[in-house]
Amino acid sequence: MAFFISLLKAFIVGGSLCVFAQILIDKTAMTPARILVLYVSLGVALTAIGLYGPLVSFAGCGATTPLLGFGYSLAEGVKKAVDERGLIGALTGGLTGTAGGIAAATFFAYIFALIFRGHPKK
Amino acid sequence: MNLDTNEYGKFVRARAPKSPVLKNCLCAFLVGGGICAFAEALFHGYLALHITEENVKTLVPVTLIFLAALLTGFGVFDDVAKIAGAGTLVPITGFANAVASPAIDNKSEGLVLGVGAQMFTVAGPVIVYGVLTSVIYGFIYWIWGIAV
Amino acid sequence: MRVLRLKNPPSVIGCASVVGGKEHDGPLGADFDLHDETGTFGMDTWEKSESEMQRLALNLALAKGKCGDDVPEVIFAGDLMNQCTGSAYGLLGFCKPYFGLYGACSTFAEATVLGSLLISAGYFKNAAAISSSHFCSAERQFRFPLEYGGQRAPTAQWTATAAGAAILSASGNGPYVTEVLPGMIVDKGINDVNNMGAAMAPAAIDTLTAYFAETGKQPRDFDLILTGDLGLEGHAITLELMKERGYDMTDVYNDCGLLLYGRSSQDVHCGGSGCGCSASVICGHIMKRFAKGELKNILYLATGALMSPGRLKQGATIPGIAHLVRISAEKNGWEG
């Protein structure tokens, strides 16, 4: 039961974060690239002021999977690194926290670029 | 109506068909929520395999990135995204697609100047602004630690 | 006077159209000479595919016109790709004098205007007008990678994978290019790349108004008035604003971008666009209708958006242009 509740929480929180972005796309002149930049920066800022952490505890992957969660990982990484290493941590922490995602995206994108070719849209 | 620039712009905007916001939002909610619920299920699944929570936190987004990049390669991702909109854009899947699609597309310009140089033309700003804000946050956090 | 009446109207002696799968599936599919379902035309990059389409279109047009080695004496061609490379590489093998044109989607009319004027003036006995666009090469250059997952705005148009080539000659049995009107650059402040029809409509209105005002003709004097690729939005805007100016085009006005696709069955939003859109519709569909005698006298004006992604990022708006070509079944068609 607890498992399904956690799925439901993730579904609702994650879906809602997507809906906000969809409204921005449809109702403003913002391009998707600007919305993603806004989301990742907002993720860092919300984590910094202590608002995003509780959402992650509540919704789990519903909060970490949207791009705000990428900002959350950056901010958490920085916080941890500054605690451990001081000022230099401000530079190393962010990318350390998100290293897995960035390296995975780069690696898989490269491999699939070797295998596949672009398709004309239907 | 004479074709005055301001007036024409208003005329064009007023008559242009609008995006079906409600339908788009519903699709974004269902697909975006579905991806996040799937991620949550993965999370529990990996934990059940006795992988440490620290590693699971990395493994879940990596799995999503792998799947999104694979679907991009098969030419399926954009067909889903056309309907899902922000539902596939906002989760980490959108980031993976933004990295994989220019990589695949620019293979014709070579592995270094095509795939290598063009891979982050779409997703680059996310990393740039993410790193930028995180460094600023780290600096403020450090100052705060000294001051308090 | 902006309307140029040709003293020796050149005749279209051969024309050909080459399209991709989606265009072939559209309502005009049967009118096109050649298509490739995959859109690759046997090439390993989309840019090469587009060049190949131009080569095939010109070859076919020459063959259909039963032209000898002396034809064409000159080529006017263009496409949407940077530095007009679709045309340059595609037409390299013909070893003919060549002018590369950039008029965005107005290129086919631009090529026809220039070719016709020079033939009429006696500098050339014949000329070829060619233009092309390819959905995949255009997406890559102007928008996003092909596999990028984005949503298209309801006002967006679909770049046609298509090429058209026409051979114009001082001698021939028609149809003839009887009048031309070179367009002016018109910018009414539209900056939405997803609404090109609205950005280009003012140019079409300017050209049409100038034509009717100078010649004293009315829309009903023509069997068809055909714009290049204004799509649903641009078509409606042009119709409405021309009516306001006293030129009711209701029953005679259509748009190549609307003709090319079945908008209800094919997911193309406001219709087709691209240099190849009107080129293929004219060289495929319209010329066949002339041959059947269904059309005697038409105004064709191809519209182009003279923008680049870089300039738009700098905050520029989208200027449009519309070149007009009058095509008549009779050599002295302008008398009628």
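The values are calculated or read from the model by the stated rules, or taken from the named source; none is laboratory data. Predicted model, so just to flag it, every value in this text is computed and none were measured. Please note: Cβ atoms are built from the backbone with ideal geometry, for glycine as well, and neighbour counts cover all protein chains shown. All accessible areas refer to the heavy atoms of the entire protein, side chains included, with ligands and DNA or RNA removed. Shrake-Rupley method; radii C 1.70, N 1.55, O 1.52, S 1.80 Å.
Right, C:ARG326: among the charged types (D, E, K, R) and crowded, with 20+ Cβ neighbours inside 10 Å or not?
Values: among the charged types (D, E, K, R): yes; crowded, with 20+ Cβ neighbours inside 10 Å: yes.
So C:ARG326 fits the description; yes.
Looking only at the stretch A:28-43, count every residue that is more than 7 Å from chain B (Cβ to nearest Cβ) and without any contact (Cβ under 8 Å) to a residue 24 or more places away in the chain and tell me the total. Adding up the residues that qualify gives 7. Can you find a residue in the stretch C:127-143 that is open to solvent by 10 Å² or more (accessible area, probe 1.4 Å), over 30 Å from A:ALA113 (Cβ atoms) and out of contact with any Ser or Thr (no Cβ under 6 Å at 6 or more places or on another chain)? The answer is no; no qualifying residue exists.
Residue count for the stretch B:35-62, restricted to those that are within 22 Å of B:VAL99 (Cβ to Cβ), open to solvent by less than 30 Å² (accessible area, probe 1.4 Å) and either among the small types (Gly, Ala, Ser) or more than 8 Å from chain A (Cβ to nearest Cβ) (or both): 1. When the residues of the stretch A:32-56 are filtered to those that are within 15 Å of B:GLY138 (Cα to Cα) and not in a helix (DSSP H, G or I), the one that is least open to solvent (accessible area, probe 1.4 Å) is A:GLY50.
State yes or no: is B:LEU30 free of Cβ contacts under 8 Å to residues at least 60 places away in the same chain, more than 8 Å from chain A (Cβ to nearest Cβ) and either open to solvent by 40 Å² or more (accessible area, probe 1.4 Å) or among the polar types (S, T, N, Q) (or both)? Criteria not met by B:LEU30. Do the conditions hold for B:GLY73, that is, is it of a type outside the set (Val, Ile, Thr), touching a Leu at 6+ places or on another chain (Cβ under 8 Å) and within 10 Å of chain A (Cβ to nearest Cβ)? So B:GLY73 fails the test. A count restricted to the stretch C:170-208 and to residues that are outside any strand (DSSP E or B), open to solvent by 10 Å² or more (accessible area, probe 1.4 Å) and out of contact with any Lys or Arg (no Cβ under 6 Å at 6 or more places or on another chain) stands at 19. If you scan the stretch A:81-117, which residues turn out to be exposed (fewer than 15 other Cβ atoms within 10 Å of the Cβ) and over 25 Å from A:VAL44 (Cβ atoms)? Selection gives A:LEU114, A:ILE115. Return yes or no: is C:GLY262 buried (at least 24 other Cβ atoms within 10 Å of the Cβ) and within 22 Å of C:GLY20 (Cα to Cα)? Considered against the rule, which asks whether it is buried (at least 24 other Cβ atoms within 10 Å of the Cβ) and within 22 Å of C:GLY20 (Cα to Cα), C:GLY262 comes out as no. Quick check: anything in the stretch C:275-286 within 14 Å of chain B (Cβ to nearest Cβ) and either modelled with pLDDT under 95 or not in a loop (DSSP other than H, G, I, E, B) (or both)? Taking every residue of the stretch C:275-286 in turn, none turns out to be within 14 Å of chain B (Cβ to nearest Cβ) and either modelled with pLDDT under 95 or not in a loop (DSSP other than H, G, I, E, B) (or both).
Looking only at residues of the stretch A:57-75 that are more than 7 Å from chain B (Cβ to nearest Cβ) and surrounded by 23 or more Cβ atoms within 10 Å (Cβ to Cβ), we find that the one that is farthest from the chain's Cα centre (by Cα) is A:ALA59.
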